[in-house]
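S.K.: Structure incoming, see below.
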Amino acid sequence: MIRTNEFVVMPETDQDRELLYRLLDGAASLWNQLTFARRQQFFDGEDIWAADRFYDEYKGLLGSATAETMARVNDRAWRAFFSRRGRDSSAQPPGYWGNEEDGRDLRLFLRNRAYSLQWGQYSRIEFTVGREIKPEYGLTPNERPRVPIHGNPKWKGTQGELQIVYDDLTNGFRAYQSVTVDPKLERSSNGGEAAALDVGAVNLVACATTKGVQFLYDGTRPWEQFEATSNAIAQAQSKLPEGEHTSKRINRLYRRRSSRRDHCVDALLRDLVERVIDDGIQTIYVGDLTGVVRRTPWKSTNRKLTEFWANRRFTDRLGHLCDEHGIELVTVQEFDSSQECPDCGTVEGTTRDRDRLRCRCGYEGHADLTAARTLLSREIGKLPRPMARPVRFQWDNHRWRSTTDATA
C-alpha cells in the first residue's frame, strides 16, 4: 500500500539554493527534450521508444541514477497515455514542463537509493548529484549535498521515489516521498467497492462511494486566488505600450496563476485517492465535462468553467494516480446528473438554486453530491447504501483540511 509523505526542503545558503534550482531546472530540461523527441516520433507514426534518452547529456549534472530515473518517469507517463488512449481516443500525449524563455515547471525525481532522510533535531536530506558539478560546490567525489528539511512524516515503511518541486508562489521547495507501508496494514477489500466524482466549479469535486462516504472539496479559496491573479494580469496589460501584447511580468503572472491552480488540484487528487484507498475502492467513475459545459445564470460560475477549470489535466493526473495504486478509472458522461432526482428519476421536475437541488416529489439535497450519487447509481445499477453525512474540505495553500460537515 503506497502512501505519500510531504515536507519542506529549506536550503540555508545561497549555494545550496542555487544547486537545488539548477538540478530541478536540468531535470525539467531533460523532460522537455525527451518529451519533444517522443512526440515527434509519435506524430510521425514512429516508435517513441527509439528516441534518444539524452542520458549522456545530463548525467554530469544530475548524476547517472537521476538521469535514468527522469527517463523512467517519462516512460511511465507515456505508458499511462497509451493505456488511456485505448479507452479514450481523445487522450493527449504527455506535455512539456514549461519552456526556457517563459520559465520551466521545476521538479526532480529521485529513486529510493539516490537520497536519504534523517529526522530529528537537525532533520536533513542527502541526495546524489552529477560528478561534473561537485567541484563547483566544494563536494568531494564521494560526498552528497546535505540540505535541512522541515516536516512531520506521517507514514513509515519502505521508502520509494522522491519528488522535489519548486513553488514560485512561496519561492521555496517542497518534497513528496512515496512510501510503501507494512503489508499488514493493507486494507481488506471485496474488490467491488466504487466511487463516483462530480467535477464542478464552485465545489471542485464531490465524491460519493458505495461505502456510504461522501466528500466535498470547496473551490472558493482557489478561485479567489485565481481571480486575484487574473485581475493583476489585466491591470498589467492595461499599462502596456501601444502595439505590445505581453511582458515578462505578465508571463510570470500567467505561470503563477497556473502553478497555483495545478498545485491545489494535484494536492486534492492525492488526498482524495488516499481516502478512497482506505475505503477499499477499486473503481472510480469520473464525469466528463466535454460537451456538457453549459452557460449558467451566474457570470462567475461561467468564468470558473471556461477559465479556471482544466478538466483534461485533472483527468490525466487522476489517471496517473489510479494507475499507480491499481485503481480502475472510468470516464462517464454526466449529462443531466446534477438535475436528475435520485428518488423519482425525473429531470423536468427538478429545479436547481445554486448548490441546492429540489424536486416536486419532495426531494431536496446538495446538487453536486446528488450528481455524484446519480453517476454512481447509473454505473453500478443500484443506489448505494444510505450515505453518511458529507465531509467538506477547504484549501489552506498547502493541503486540503477537513472543516465542518457539509450540508447534505
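S.K.: Can you give the Rg to Rh ratio of region 190-276, both from alpha-carbon atoms, with Rh computed by the Kirkwood formula?
M.R.: Rg/Rh: 1.20.
S.K.: What number, in nm² with one decimal, is the all-direction average of the projected area of the convex hull of the alpha-carbon atoms of the chain?
M.R.: Mean orientational projected area (the chain, Cα hull): 23.5 nm².
S.K.: Name the residue, out of PRO222, PRO11, PRO241, whose mean-square fluctuation peaks in a Gaussian network model built on the chain with Cα pairs under 10 Å.
M.R.: Result: PRO241 has the largest fluctuation of those listed.
S.K.: While we're here: For LEU19, what charge total do you get from the other residues with a beta carbon under 15 Å from its beta carbon, if Lys and Arg give +1 and Asp and Glu give -1?
M.R.: So the environment of LEU19 carries a net charge of -2.
S.K.: Taking 0.36 nm per residue of separation and subtracting the Cα-Cα distance, what length does fully extending ARG312 through ARG358 add?
M.R.: 13.5 nm
S.K.: Pick from THR158, THR170, THR370: which residue has the top mean-square fluctuation in a GNM of the chain where Cα pairs under 10 Å get a spring?
M.R.: THR170
S.K.: Kindly write out, for region 248-260 in residue order, the coupling ³J(HN,Hα) from the Karplus curve 6.51 cos²θ - 1.76 cosθ + 1.60 (θ = phi - 60°), rounded to whole Hz, with x marking Gly and Pro.
M.R.: Taking θ as phi minus 60°, the curve returns 4, 5, 5, 4, 5, 5, 4, 5, 4, 4, 5, 5, 5 Hz for region 248-260.
S.K.: Related question: Which value, in nm² and rounded to one decimal, describes the direction-averaged projected area of the C-alpha convex hull of region 2-183?
M.R.: For the Cα atoms of region 2-183, the hull's average projected area reads 12.6 nm².
S.K.: Under a crude label model (7 Å from the Cα following the beta-carbon direction), how far is PHE36 from VAL181 in nanometres?
M.R.: Distance between label points: 4.3 nm.
S.K.: With a 10 Å cut-off between alpha carbons and a GNM built on the chain, which of GLN214, GLN177, GLN118 moves the most?
M.R.: Top of the fluctuation ranking is GLN118.
S.K.: If R₀ is 41 angstrom, what is the calculated FRET efficiency for the pair VAL332 and GLU12, using the beta carbon separation as r and rounding to 0.05?
M.R.: 0.25
Taken together, the values in this text are just the output of simple stated rules run on the coordinates, not laboratory data. Treat the numbers as computed from the prediction; the structure is a model and nothing was measured. Note that each Cβ is placed from the backbone with ideal geometry, even for glycine, and that neighbours are counted across all protein chains shown.
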